[in-house]
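All of the numbers you see were taken from the coordinates with simple rules; none came from a lab. All figures in this text were calculated on a predicted structure; none of them were measured in a lab. Reconstructed Cβ throughout: ideal geometry from the backbone, glycine too, with neighbour counts over all protein chains shown.
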Amino acid sequence: MSEQDINAEIILDHYRNPHNYGKIANATGSVTEYNPVCGDTVHIDILEKDGKIEEIMFMGRGCSISQGSASMLTDFVKGKSPEEIMKVGDEEYLHMLGLELGPAREKCALLPLNAMHKALQERIRK
Amino acid sequence: MSEQDINAEIILDHYRNPHNYGKIANATGSVTEYNPVCGDTVHIDILEKDGKIEEIMFMGRGCSISQGSASMLTDFVKGKSPEEIMKVGDEEYLHMLGLELGPAREKCALLPLNAMHKALQERIRK
Amino acid sequence: MIDSNVIKKDFPVLSRKFHGKEIIYLDSAATSQKPRSVIEAMSNYYENYNSNVHRGIYQLSEESTDIYEKTRENVASFVSCSARETVYVRNTTEALNLLAYSLGHRLRRGDRILLTEMEHHSNIIPWQFLKSKGVELDYVKMDADFNLDMEDYSEKLKKNPKIVSVTQCSNVLGTINPVKEMGSLAHERGSVFIVDGAQSVPHMPVSFRDLDCDFIAFSGHKMLGPMGIGCLVGKLEELKTMHPFLGGGDMIREVSYEGATWNDVPYKFEAGTPNVAGSVGLSAAVDYLRNIGMDSVMDHERLLIRETLKLAPEIEGLVSFGPSDPEKRGGVFSFNIGSMPAFRIERELEAGNMVVSGSVHPHDVAASLDQQSIAIRSGHHCAMPLMGRMDVAATSRASYYVYNSIEDVKNLFIALSDVKRLFAR
Amino acid sequence: MIDSNVIKKDFPVLSRKFHGKEIIYLDSAATSQKPRSVIEAMSNYYENYNSNVHRGIYQLSEESTDIYEKTRENVASFVSCSARETVYVRNTTEALNLLAYSLGHRLRRGDRILLTEMEHHSNIIPWQFLKSKGVELDYVKMDADFNLDMEDYSEKLKKNPKIVSVTQCSNVLGTINPVKEMGSLAHERGSVFIVDGAQSVPHMPVSFRDLDCDFIAFSGHKMLGPMGIGCLVGKLEELKTMHPFLGGGDMIREVSYEGATWNDVPYKFEAGTPNVAGSVGLSAAVDYLRNIGMDSVMDHERLLIRETLKLAPEIEGLVSFGPSDPEKRGGVFSFNIGSMPAFRIERELEAGNMVVSGSVHPHDVAASLDQQSIAIRSGHHCAMPLMGRMDVAATSRASYYVYNSIEDVKNLFIALSDVKRLFAR
Ligand SMILES: Cc1ncc(COP(=O)(O)O)c(C=O)c1O
Ligand SMILES: Cc1ncc(COP(=O)(O)O)c(C=O)c1O
C-alpha cells in the first residue's frame, strides 16, 4: 500500500466514524461554511479557554473528503491556540492530509479549514 | 479572349465612357440608391411617355462594376415598358452582364437594377 | 440501429485510457465529444480558407463568406428553419441572454415571464436580471413523476405572461416537455414562446417549423460540434423588429457619430468577427448526426435509458430523479445513493440522527467511478433551484450519446455497486 | 530581426496559390492567419482532453480545467496582468459591449462618454445604445496629420465624462494613440479609462500594468489565434463591483427561484460553457508571438511601413491616410487612388464635373490586386463615421503582420501601378 492509499484509508475512516461530531451547548464561537457547487456543509462549534481550543465539535453533510477532513481537523486543532491555527495555510493543510486531489476535491478538503479560520476571525473581531 | 474577358472589357468601357450620364430636368421619376458597405451610389432620373421609358439618365460614383452596370442599364431599358423592366430579376440581369462575380461584387452590379426598380415602384404607387 | 462501438472509433478522445481502462464518457449533457470529421473540418478551414467574411473583395474572403453562409444553411435545414432565421451565437447561454436583453426592451413594470421549475441557470438568471425593471417571474411546477404539471401551466398562463421560456429536455431529469402543445397554449395568450433546445436538438429530431415556437436556442458543443458556437433560431418577423443586442461591426447598415441603423437579419445580431471555423465545425457535426439519423439517435439513447432503468433497482438505496416512462425522457439519468438532503442544522438536531446512513455523496460517487475510468457528473448541474425543490444538495448524473453502448451502462452499474460498498456508512 | 520568409512557412494558408501565384495576405488587421502550432494545439485539445470545465470530478474534466486556467495565466502574463483580471470573451466587440452594458448600469441621464473620431464601430455602437438612457457622447478630434488632437482631448475631458474609451491603434489610419498619457488625464478627472487593444496587443508590447487603464480588450483571431476567443482585462476592483453581463451557468454562486449571487471574478463574467479549445489556441498564439518577441514584431512592421511610405509617392495621385511619422503608427496603410468623396448630387451638379477623373474606386483596387493574388481590404473598415470625417466613401487598406516581407510591399506597389493604368478614366 502506498502512502497515498494509507492516507485515503485514514480519511475514509474518519468519514465513516467521525470524531467530535455534534454540538457544543456553550460554544464561544461557531460558524457554518458551505460550498454551493456541491452542497458540502460543515458547521463548527468551538469552546475556547485560556487561549486554547478546549473543545471543538462539528456537524455537516458532504462527501468523504469534506467530512473526513472536518473530523481530522477537530482532532488536530484541539488544545492549540487560535494563533497557531490561523497560521495553517491551504497548502500546508493539504500536505498534512497527504492526498492527491484535483482542484474540485481540494475545495472539499479545505472547507473545514476555511470554516475554522472564519470561526476564529469572528471571535477575534468581537 | 474568353467571353468573360470580353464582357469585362465591355463593362470597363461603359465605366470609362458612361452613356446617359447626367440629369433630366423634367424627370417623371428619380431615385438615389446607395450601398453603405462601399459607398457605391447611383442616381437615376427617368422620363416616361406613353407607357415607355423615353429617356433615362444616371449619375453616381463607385467602382467600375456599379457604374459600368448603371451605364449599360440605361441603354438596356430605354424604350422598354415599366412592366418589362420590373420583370427583370437579379439572376437574369447578372447573366446579361455575363461576369463571374463574388458575392460582394454582385451587390455592386445589382445596385443600378435595384435603383431602377425602386424608381418604377415609386412611380407606380403614385 | 446504431452500432456505438463502430461510432466510438470516430472519436479520438474515447480511446484514451485511465488506470489502464478506456474511458467510458457519460457526461455528454455537459459537453459532447467530437468526431474526427469535426476536428478536421476546422483544421482544414484554418489551413486553407481562413479570413474575415462579408467585407473582403479577394478570393480567400469570398470563399470564407461562402463557407460561412453554407454552414448556416446546413444548420438551418437540420432544425427546419431558413438561414435568415439562424443567428450564430457562442452558446445557448448567449442566445437566451440575447433574448432577455432584447425582448426586455419591450417589457414594463408588472409584466410577467413564465419559466418552469426545471430550468437551467441560463434560462433563469437572464430573466431574473429583468426584475430590476419590475418584471415578475413565475415557474411552472412539476408533478410527482418529474413531468411538468400542465394544469399549473394553464393556470399560470392566465396571468398573461409576455414571455414563456421552457426547456425542451431537462438536463437533470431527462424530462421531455410537450413544448409543441405548450407553445400553442402560450400563443393563444399572445405570449412569445421560447424553447431552450440545448438538450433536445442534439438528441432528437427537432423542427422549428413544426414546434410553432418563436425562438429556439442550442449549443454546438453539446451536439458533437466545437465549443464557442451555437444558434439562436427565431421567427423572421420577431428578429426583424427586435432591438439589437451587441453593437459593432457587421451588424450595422449605416453609422454616424450620432447614431446607426441596423443590417438585415441575421447579421443584425452578429456583431464583430464571427467564429467561422466554429460554424464549419458545427456544420460537420450536423452532417455526422444527419448521417446517423436523429430518429436513430433518439432510439439508441432510449435503449440505453431503458437498460438503465432496468438495472437501477439492483443498487440498494438508489433514488433516481426523472420520469418513470422511458418514452418521455432523453438520455439523462440523475440519481443518488441514499437520501442527500441539503444540510440544515435545525433539521439535523431535531432528527437526532447525526449521520445519514446508507447514503453516498455524489462527489464520492463520481470520484470513485473515475477510478474505474467512468466519467459522470455530480453537483447541481446548473439547476440549483431544482435541487432545492427536490430537497437534495446535489445528484450524480450519467448522460448518454451516440458513442455509448449497452456495455457502458452495464459497466456503470457494476462500478456503482462497488461505490456502495466503499463509501456507505 | 524577423525573417518573414521563414515565418511564412509556419502558416499553411500562405502556401495557397491563386492564378498561379502564392497569396500575399495583406489583411491582417481584419483577421490574422494562424500558424500550424495554433491549429494543432486545438486539434490536440479536442482529440485528447475535450470536456467541460470547473464542475467535473473526473480526470478529463480536471485536466480540461487545468488547461483552461493555464491558458488564462499565459495570456494574462502576455499583457502583464493577473489571471483573475482576465475574462475570456468571444472578441473585442463582445468585451466592449460587456463594458457598455455593465458600466451602463451606473450611468444616469446627462452622464457623458468620451470616444474619439477614429473608433471602430464596436467602440461606438455599444455606447450609442446608452443614448436611450440620456447619456451623451463626445468624440475627440484628429489633427491634420491623423493624430488625436490632445488639446481637444483636454478640453472635452473638462466635461467630466464618466467613461473614456479609446483605441490604442486605429485599424484605418494606423495611428498609435498616447493611451498612457490619456489614461492619466482621464483618471485625474475620475473617468473610467478603457483601451480598445484589438490592433495594438497583436502588434506591439502592451502592458496592462504599465498603461494604467481600467480595461483593455482584444481579439484572439487578430493575433494569430483562433476565432471565437478574446479577452477583456480589467482591474480587479472594477470587475468585482460591476454588474454581471450574461447570466447562466458558472457565473453564479447561489441561485434560487427568487434571485442569485455571483461567482468570483473572472468567472462572474463567463456565463455558460466556455470556449476552452479557443483558449488553447490563443495561448499557443501567445507562445508563438512571445517566441518572436513583441519588440521584434513591432520593429518588423515599422520596417514594412517605412518601405510603404517610401514607395507610395511613386503611384501618381495616391492619397494616404495616417500619420506621416512611421514611429507613430502600426502596420496599417489606408489609401486611395485619386479623390474618393462620397457622392452627393448637389455637390456634383455644382462642380459640373460629371466624372471624377484619375481616381480608382477601392473596390476596383482590391479586385484588381486579387487578380495578382494580393489580398487587401476595401470599404469603410467598420469606421463609417471616420470615413465621413475624411470625406471619403471608402478606402483601400493594406495591413501587415509577421509573415509579410519587404517583397510583399514591393509587389503591392508594382500591382498598384497596373491598377492605375487599368481603371483610371
Ligand atoms: C437545458 C440547458 N440549457 C442551457 C444550457 C447552457 O448551455 P451552454 O453552456 O452551452 O450555454 C445547458 C447546458 O449546460 C442545458 O443543459
Ligand atoms: C480597432 C478595432 N476595434 C475593434 C475591432 C473588433 O474586433 P472583433 O471583430 O474581433 O470583435 C476591430 C477589428 O475589426 C478593430 O480593428
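At-a-glance table
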{"read-out": "Computed magnitude of the charge dipole of the protein assembly as shown (debye, nearest 20; Cβ of K, R +1, Cβ of D, E -1)", "value": "1520 debye"}
{"read-out": "Neighbour-count order for D:K162, C:K180, fewest beta carbons within 10 angstrom listed first", "value": "C:K180, D:K162"}
{"read-out": "Most mobile of B:H43, B:H95, B:H14 in a GNM of chain B (Cα contacts under 10 Å)", "value": "B:H95"}
{"read-out": "In the range A:45-126, lysine pairs with alpha-carbon atoms under 12 angstrom apart (chain gap of 8 or more, or interchain)", "value": "4"}
{"read-out": "Counted charge near D:K21, where neighbours are those whose Cβ lies closer than 13 Å (Asp, Glu -1; Lys, Arg +1)", "value": "-2"}
{"read-out": "By average C-beta atoms within 10 angstrom, highest first, the peptides C:202-208, C:409-415", "value": "C:202-208, C:409-415"}
{"read-out": "Label-point separation in nm, C:K70 to D:T241, each point 7 Å along Cα→Cβ", "value": "5.2 nm"}
{"read-out": "Length added when fully stretched, D:D149-D:Q371, from 0.36 nm per residue minus Cα-Cα", "value": "75.9 nm"}
{"read-out": "Furthest towards positive pole of dipole, D:I57, D:Y101, D:S170, structure part the range D:38-290, Cβ charges", "value": "D:Y101"}
{"read-out": "Pairwise FRET efficiency - C:I406 versus C:D210, Cβ, R0 = 41 Å, nearest 0.05", "value": "0.85"}
{"read-out": "Cα gyration tensor shape for the range C:38-290, rounded if a/c is under 1.5, else prolate or oblate", "value": "oblate"}
{"read-out": "Most mobile of C:H381, C:H19, C:H363 in a GNM of chain C (Cα contacts under 10 Å)", "value": "C:H19"}
{"read-out": "For B:Q4, label point 7 Å along C-beta direction: distances to other copies, nm", "value": "6.3"}
{"read-out": "Gap separating the Cα centres of the range D:398-415 and the range D:115-183, nearest whole Å", "value": "30 Å"}
{"read-out": "Rounded FRET efficiency, nearest 0.05, which uses the C-beta distance separating C:S82 from B:Q121 and R0 of 22 Å", "value": "0.30"}
{"read-out": "Inter-label distance, nm, simple model (7 Å from Cα along the C-beta direction), D:D264/D:E22", "value": "4.9 nm"}
{"read-out": "Relative contact order %, the range C:293-424, counting alpha carbon pairs below 8 Å whose residues are six or more apart", "value": "30 percent"}
{"read-out": "Gain in span if fully extended, C:N160 to C:S296, counting 0.36 nm per residue against the direct Cα distance", "value": "45.1 nm"}
{"read-out": "FRET efficiency estimate (nearest 0.05) - Cβ-Cβ, C:E136 to B:E84, R0 60 angstrom", "value": "0.55"}
{"read-out": "Global geometry of chain D, whether rounded, prolate or oblate, following the gyration tensor of its Cα atoms and the 1.5 cut on a/c", "value": "oblate"}
{"read-out": "Rounded to the nearest 20 debye, dipole of chain C from Cβ charges on Lys, Arg, Asp, Glu", "value": "560 debye"}
{"read-out": "Ranked A:C63, A:C38, criterion: other C-beta atoms within 10 Å, fewest first", "value": "A:C38, A:C63"}
{"read-out": "Gyration tensor verdict on the protein assembly as shown (Cα atoms; rounded if a/c is under 1.5, prolate if a/b is larger than b/c, oblate otherwise)", "value": "prolate"}
{"read-out": "GluC sites (Glu not before Pro) within the range C:257-315, DSSP loop, no more than 16 other Cβ atoms inside 10 Å", "value": "C:E258"}
{"read-out": "Least to most buried among D:W262, C:W127 (fewest other Cβ within 10 Å first)", "value": "D:W262, C:W127"}
{"read-out": "Degrees separating the helix D:362-371 axis from the principal Cα axis of chain D, which is the longest one", "value": "90 degrees"}
{"read-out": "Cα-centred dipole magnitude for the range B:3-125, charges only on beta-carbon of K, R (+1) and D, E (-1), debye, nearest 20", "value": "500 debye"}
{"read-out": "Dipole of chain D [Lys/Arg +1, Asp/Glu -1 at C-beta], most positive-end residue of D:S37, D:H187, D:G322", "value": "D:G322"}
